[in-house]
Structure formats: structure tokens, C-alpha cells
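A quick write-up on the structure given underneath.
The values are calculated or read from the model by the stated rules, or taken from the named source; none is laboratory data. Predicted, not measured: the structure shown is a model, and the values here were computed from it. Please note: Cβ atoms are built from the backbone with ideal geometry, for glycine as well, and neighbour counts cover all protein chains shown.
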Amino acid sequence: MNVDAKALADKINNFYPEIAKNNLTMTVKENTSLKSWEVQLAKDGHVLSTYLERQDAEDCLSGKECVYLSHQIKQFLFNYCAHSKDCPV
């Protein structure tokens, strides 16, 4: 399956509405040297980069929720948003 960054970002946003709800900035780009996709979340100067293996990205596009990514998003929200009125969790 051919993975497209925009399609992958759209699917991730569909799976995880808390990204938009908490005004997180997300970028998705292919990292060819690591043969993976980098998903970067940012909020108020805090940044988290995590990587999806190609198969995980393909599974995500096929409609399977990305469990590893889910954990990373929740951890980011907890670390940088849990005690902020600007980022209600």
C-alpha cells in the first residue's frame, strides 16, 4: 500500500479527536532513512516526535487504530496539558 502523508494525518486526526480538541499542531512526514513515518505533536513550545513503522502506517490507513500512537498522544496530553486551562483533558 502506498502511504500518503496527508491521508495518514487525516486518519490519525479521525482516530484521535483530542488532537484538534486541544489545539495540538501535528505534522506527519516520511523518514526514508528510518523507513518509517514521523508524527510530531506540538503545543506551546513542547514537541513530541514519534515514529510509525511502515506497516503501522498502512494498518492505520486501513482503519486499524494505532495503539502505540494512541499511547504517545495520551502521554503528550498528560505531560503538557493535564494542568493547563488552555488544554483541557
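Numbers for the structure displayed
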read-out: Filter result for residue 2 (in contact with a helix residue (DSSP H, G or I) (Cβ under 6 Å, 6 or more places away or on another chain) and at pLDDT below 90); value: no
read-out: Meets criteria (among the small types (Gly, Ala, Ser) and at pLDDT 90 or above) for residue 82; value: no
read-out: Residues within the stretch 44-68 that are closer than 15 Å to residue 25 by Cα and touching a strand residue (DSSP E or B) at 6+ places or on another chain (Cβ under 7 Å), tallied; value: 4
read-out: Residue under evaluation residue 30, criteria (1) over 21 Å from residue 80 (Cβ atoms); (2) at pLDDT below 90; (3) of a type in the set (Asp, Glu), criterion not met; value: (2)
read-out: Residue list for the stretch 1-21, restricted to those being touching a Lys or Arg at 6+ places or on another chain (Cβ under 7 Å) and within 14 Å of residue 42 (Cβ to Cβ); value: none
read-out: Residue 21 surrounded by 13 or more Cβ atoms within 10 Å (Cβ to Cβ) and at pLDDT below 90; value: no
read-out: Answer residue from the stretch 53-62, given it is touching a residue at least 24 places away in the same chain (Cβ under 8 Å) and within 16 Å of residue 16 (Cβ to Cβ) and is surrounded by the most Cβ atoms within 10 Å (Cβ to Cβ) among those; value: 57
read-out: Inter-residue pairs, beta-carbon under 7 Å, first free of Cβ contacts under 8 Å to residues at least 24 places away in the same chain and farther than 12 Å from residue 60 by Cα and in the stretch 2-20, second part of a helix (DSSP H, G or I) and not acidic (Asp, Glu), 6+ apart; value: 20/13
